[in-house]
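Notes follow once the structure below has been shown.
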Amino acid sequence: MICTRYHSLVFSILCNKPAIAIAYAPKVAELANRADIPCYSPDQPISFDFKKPSNREKILADCFVESD
């Protein structure tokens, strides 16, 4: 998750989801630091590689499978 608000960061921690924080408020940066989650300020460049899923067609096909 890309978290810009405090409670979205709390939610990602509770759900055990990978996250990065964009800290518009000090409390977001503090929680990110305590949880060892990467934290960036809004004016800082974020360097990570976005990747497209290699199995996109299968994911889309699975969305339209009829259930009993």
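Could you list, in sequence order, all residues of region 16-40 that are assigned to a loop (DSSP other than H, G, I, E, B) and among the basic types (Lys, Arg)? Full working, then the answer.
Start the filter on region 16-40 by keeping residues that are assigned to a loop (DSSP other than H, G, I, E, B), which leaves 16-19, 23-25, 35-38.
Passing the criteria: only Lys17.
For region 41-56, state whether one or more residues are modelled with pLDDT under 80 and in a helix (DSSP H, G or I).
First, the residues of region 41-56 that are modelled with pLDDT under 80: 44-56.
Right, trim to in a helix (DSSP H, G or I) and you get 56.
Yes, that holds for at least one residue.
The values are calculated or read from the model by the stated rules, or taken from the named source; none is laboratory data. Because the structure is a prediction, the values reported are computed rather than measured.
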